[in-house]
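Reviewing the structure listed below.
The values are calculated or read from the model by the stated rules, or taken from the named source; none is laboratory data. Not measured: the values here are computed from a predicted model. Here Cβ is always computed from backbone atoms with ideal geometry, including for glycine, and neighbour counts include all displayed protein chains.
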Amino acid sequence: MQMEIETRPDHFKGPVTVGDYVLKSKLRKGSFSIVWKVEHRLSNQEVALKQVYPSRLNRQLKICFDSELNFLSSIYHPHIVRLCDVF
């Protein structure tokens with residue numbers, strides 16, 4: 001699933017949800033991704049959600065992104081961000 005929301009429309013009053021997450025605010029925007037501050041609907045835990053636009057990734061960036069996912073899914077360390085979900 002690819003999320004195309006970059007800003008919340010002024011006329012939209014309800015919460016914007018993506019999967020089990022409610023968007024709170026945009027933290028950072030890069031050339032191929034946006035990092036959002038979100039809240040998990042069930043646990044109420046605030047986490048970061050990285051929205052990646054695969055169509056903006058060249059071959060080398062796709063390889064790097066796959067490596068990032070593989071690394072983060074295999075490691076648990078208090079000083080490294082934990083990968084919670086991929087969708």
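Points to keep in mind about this one:
- Residue tally, condition assigned to a helix (DSSP H, G or I) and over 29 Å from Pro15 (Cα atoms), over the stretch 44-64: 6
- Taking the stretch 74-86 as the range and being surrounded by 10 or more Cβ atoms within 10 Å (Cβ to Cβ) and under 18 Å from Asp20 (Cβ atoms) as the test, the residues that pass are Arg82, Leu83, Cys84, Asp85.
- Residue within the stretch 27-43 that is more than 13 Å from Asp85 (Cβ to Cβ), of a type outside the set (Lys, Arg), outside any strand (DSSP E or B) and modelled with pLDDT under 70 present: no
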